[in-house]
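Colleague: Would you mind keeping the following structure in view while I ask a few things?
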Amino acid sequence: MTVDDTEDRRRRFEAVALPFMPALYGAALRLTGNEAAAADDVQETFLRAFRTFDNFRPGTNARAWLFTILYSVFINRQKKARREVQVASAEELEEKYRAFVESPLTESPSFGAPWEQPMPREVEAALRSLPEAFRSAVLFVDVHELTYAEAAEALGCPIGTVQSRVHRGRRMLFAALEDYAREAGYTPRSTS
């Protein structure tokens, strides 16, 4: 490959992929719950996407392609972390817990798109409490507005499974947020 070919490939990749960086970071942040891990996952996503850019078919959905790579990176990082033995003192664990509780995800940078706006703490906490399979499906479909087909491709499962996970995830969120919704005025207060 010549220098001109490499430069042309880089320009095409940047035109296709870079517009989705804010959405990918938002998804990674909500998947990982950690800014550094989210940034690492997005960086790894773009590295993998660039390496395999010759396999990308122009005219297909670049956003879904990138979300597929992001989810793969996220799952691989989780699997690797489970295999590694973590040794930490009680003080380190307490400090990590305190830092987690005191700096909610709502303080993360916003890029201006509706799905990138900070969510209320109660909503973020309810999302974080969902099992990963349901959280990923809800995030991809409801927050990042992927179609069920795109989410199914990204998550590597059938469309029906995504639909089921989104439905069940929404029900879990409804149950977790019912009191918050009433107090915030989203639903009427009971008259009993």
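The values are calculated or read from the model by the stated rules, or taken from the named source; none is laboratory data. Remember, it's a predicted structure, so these values are computed and weren't measured experimentally. Cβ coordinates were reconstructed from backbone atoms using ideal geometry, including for glycine residues, and neighbour counts include every protein chain displayed. Quick note on the areas: whole protein, heavy atoms, side chains included, nothing else; ligands and nucleic acids left out. Shrake-Rupley method; radii C 1.70, N 1.55, O 1.52, S 1.80 Å.
Colleague: Quick test of your reading of the structure: LEU130 fulfils all but one of (1) open to solvent by 30 Å² or more (accessible area, probe 1.4 Å); (2) within 22 Å of LEU29 (Cα to Cα). Name the failing condition by number.
Modeller: Only one criterion in (1) open to solvent by 30 Å² or more (accessible area, probe 1.4 Å); (2) within 22 Å of LEU29 (Cα to Cα) is unmet by LEU130, namely (1).
Yes or no, residue by residue, for (1) open to solvent by 50 Å² or more (accessible area, probe 1.4 Å); (2) small (Gly, Ala, Ser); (3) assigned to a helix (DSSP H, G or I); (4) at pLDDT below 90:
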site: GLU92; (1), (2), (3), (4): yes, no, yes, yes
site: GLU95; (1), (2), (3), (4): yes, no, yes, yes
site: GLY112; (1), (2), (3), (4): yes, yes, no, yes
site: CYS157; (1), (2), (3), (4): no, no, no, no
site: VAL166; (1), (2), (3), (4): no, no, yes, no
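Colleague: Separate question: Output the residue which, of all residues in region 1-36 that are open to solvent by less than 30 Å² (accessible area, probe 1.4 Å) and farther than 20 Å from VAL138 by Cα, is nearest to the chain's Cα centre (by Cα).
Modeller: Only one residue fits best here, namely ALA17.
Colleague: While we're here: How many residues are open to solvent by 20 Å² or more (accessible area, probe 1.4 Å) and of a type in the set (A, V, I, L, M) if we restrict to region 37-79?
Modeller: Matching residues across region 37-79 total 5.
Colleague: Can you name the residue in region 133-150 that is within 14 Å of the chain's Cα centre (by Cα) and aromatic (Phe, Trp, Tyr) and is also most open to solvent (accessible area, probe 1.4 Å) among such residues?
Modeller: Among them, the one singled out is PHE134.
Colleague: Could I ask something else about it? Of these, GLU124, GLU153, which one is modelled with pLDDT under 90 and surrounded by 14 or more Cβ atoms within 10 Å (Cβ to Cβ)?
Modeller: GLU124
Colleague: Enumerate the pairs (first residue in region 130-158 and within 18 Å of MET119 (Cα to Cα); second residue anywhere and among the β-branched types (Val, Ile, Thr) and modelled with pLDDT of 90 or more) with beta-carbon separation below 6 Å, excluding pairs fewer than 6 apart on the same chain, so at least 6 apart or on different chains.
Modeller: Between residues of region 130-158 that are within 18 Å of MET119 (Cα to Cα) and residues that are among the β-branched types (Val, Ile, Thr) and modelled with pLDDT of 90 or more, the close pairs are ALA137/VAL162; ALA137/VAL166; VAL138/VAL166; VAL141/VAL166.
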